[in-house]
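Everything below concerns the one structure shown next.
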Ligand SMILES: Cc1cc2nc3c(=O)[nH]c(=O)nc-3n(C[C@H](O)[C@H](O)[C@H](O)COP(=O)(O)OP(=O)(O)OC[C@H]3O[C@@H](n4cnc5c(N)ncnc54)[C@H](O)[C@@H]3O)c2cc1C
């Protein structure tokens, strides 16, 4: 008899895969009241961003980030909450502390059950729906049967969907398959390769490195397009090299063990070359860590209700069912990786406009209750080459989790959501309320009492008038107008240009801005006048008395900058790391004026030490709004984390 214990579990949404797409999907749904089980096969969360792999998170900030008060492409919502938490609570940039913070996010949600070390291995389908999945946890000798109403495959490799028979795309599509100009004339099965990162540290005495006999032998000519061992972004020795890439000509799933072994030999071979052959002054440097889990870039992509293409991305095609946005370049790599030393390790096709990610690219075409989010969404190889970056994956994870929660409430299956315009509208409005950004979609929430208030302030700067806290948008995205011709497929940057751009700023900046018809220019926030000093107040006054159950605030966190946990020193120097963002309001108080005491302000909440962008304060007693008979509400800002004036992007008020 087997020692395995069979267990049955049930939930509303099962999320398979605890990378950033799965974590954000599970958190979004759980926070909206959905009973969620998150199944993650590794002991830690974060996927390629976890301590096991250590890749930093990028997204629509692209290579050049944005411009203060003009272009703020960094994603909002859950991934911003996570990034800010990492930045403040992990100044030491410990990968393990980041794991812990992600774990803490999940543990904090009463609706979320987290199963670590547990792998989804099978799915049972009946009448076009997934009924349940089988998941195994060898460490406890348990096998789970998990039934759910909806399923989200965020596994990267698409194991859940593949087990359920969802059709997939693999490799590179030929030009005619989807009419993509950048595609090769003929398709093939090749993918982006995998990578093992390493970290090295400088010591106070020489540290020898003796290479094992099985390492790859390299010569200087192998690195003529792959510079290393210099100061600057992506070049130092402290974070390894993403271009140590291999395995794109094999099957990244079935050949995974062979790819790991070869990559260990390649990675140590590069290190051996650096230490013992390059002539660099690296005697005091020693390996501190080397990954044993290869970072996998590409495997299955599902065929969903819509296949996102290069043309959708470069043309910023508007989608009525948008749930997230992207902006990273179309970033292709030679599948041969280091075996193609004569080819640049990446080619970055600039994306001129921020672009929509439609829900339909995250919904199965043949199964009624399957979503996907992350690198396995329904996209061609070229569109995936942009959407795959982790902040974009996280934003779509939040979009899918939100869609699932609201569809469950409405009793609508994932396959039917896109055809239900009213439901799509509610999903988008919920996403905005939770600080996601959707191109050109303003806050239209009739329940938001702030939209009916007259907004005034103690002072304001031109362009930063108080009424902008109810403009319906919470960031600037208009940016500088792209250069003429930029709207077409932009120029391709090879690796040398990318390095130049990272180190010294681009000679010709490639900003990725919102398309003009959906840009809604402006700063979209209140800026108090520095001459007025602090405290500064913002007031919302209603013509009629209102009850208040919830006040939602969006503060400025400098979304024009890079912000990510990175082991690369040069990259980190471009951020405000280890501290709150200077724009963010730190100390504030919420005050109300009631009908009973006109002209008197009563403090109902005081906050000290804030560093988050989105804050929600609830005032509920016995299930009803605790604040009644309210004439006006004031936000009094007493301190920021650095600036000499207050900035507030949005105030929402709900009864
Ligand atoms: C070397 C490298 C460099 C990259 N550079 C960057 C970069 O600089 N910035 C950036 O943002 N992105 C980068 N990317 C891309 C990015 O890391 C991936 O596209 C991204 O991680 C995809 O997110 P995901 O959540 O879909 O998958 P993942 O991060 O892979 O997460 C999926 C999770 O699901 C788990 N899982 C798999 N199968 C199962 C199963 N059957 N049951 C339960 N759990 C399962 C996996 O263990 C994993 O933890 C890079 C990728 C690589 C490999």
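Laboratory data are not the source of any read-out in this text; all were calculated from the coordinates shown. Being a predicted model, the structure only gives us computed values, none of them experimental. No Cβ is skipped: glycine too gets one built from the backbone with ideal geometry, and neighbour counts run over all protein chains shown.
Annotations
- Fraction of antiparallel bridges per DSSP, the chain only, in percent to nearest 5: 75
- Neighbour counting of Cβ atoms within 10 Å sorts the residues 252, 361, 459, 139, fewest neighbours leading, into 139, 459, 252, 361.
- Remark: 228, 371 ranked as 228, 371, counting other beta-carbon atoms within 10 Å and listing the fewest first.
- FRET efficiency, residue 368 to residue 595 (Cβ-Cβ, R0 56 Å, nearest 0.05): 0.65
- Global geometry of region 296-439, whether rounded, prolate or oblate, following the gyration tensor of its Cα atoms and the 1.5 cut on a/c: prolate
- Crossing angle, helix 20-31 versus the chain [Cα axis fit, 0-90 degrees, rounded to tens]: 30
- Computed from Cα positions, the angle between helix 390-410 and the longest principal axis of the chain comes to roughly 50 degrees.
- Calculated FRET value between residue 253 and residue 410, using beta carbons and R₀ = 45 Å, to 0.05: 0.80
- Cα gyration tensor shape of region 140-183, rounded if a/c is under 1.5, else prolate or oblate by comparing a/b with b/c: prolate
- Spin-label pair residue 145/residue 201, simplified geometry with 7 Å Cα→Cβ offset, distance in nm: 4.9
- Here the chain has an Rg and Dmax of 25.1, 83 Å, counting Cα atoms alone.
- Sorting 574, 433 from the fewest to the most surrounding beta carbons within 10 angstrom yields 574, 433.
- Between residue 454 and residue 210, the simple label model (points 7 Å from Cα in the Cβ direction) yields a spacing of 8.3 nm.
- Relative protection proxy for 182-195, 597-610, from highest mean packing down: 182-195, 597-610 (other beta-carbon atoms within 10 angstrom).
- At q = 0.13, 0.21, 0.24, 0.25 Å⁻¹, base-10 log of I(q)/I(0) for region 194-296 (Debye sum, equal scatterers on each alpha carbon): -0.45, -1.14, -1.43, -1.52
- Residues residue 104 and residue 607, FRET efficiency given R0 of 22 Å [Cβ-Cβ distance, rounded to 0.05]: 0.60
- A crude spin-label estimate for the pair residue 289 and residue 531, with each label 7 Å from Cα along the Cβ direction, gives 5.1 nm.
- Helix 421-433 vs. the chain, principal-axis angle (Cα, 0 to 90°, nearest 10): 90
- Annotation: extensible slack from residue 280 through residue 340 equals 19.2 nm (criterion: 0.36 nm per residue apart, minus Cα-Cα distance).
- The Cα atoms of region 507-548 give a gyration tensor whose axes a ≥ b ≥ c have a/c of 1.5 or more with a/b no greater than b/c, which makes the shape oblate.
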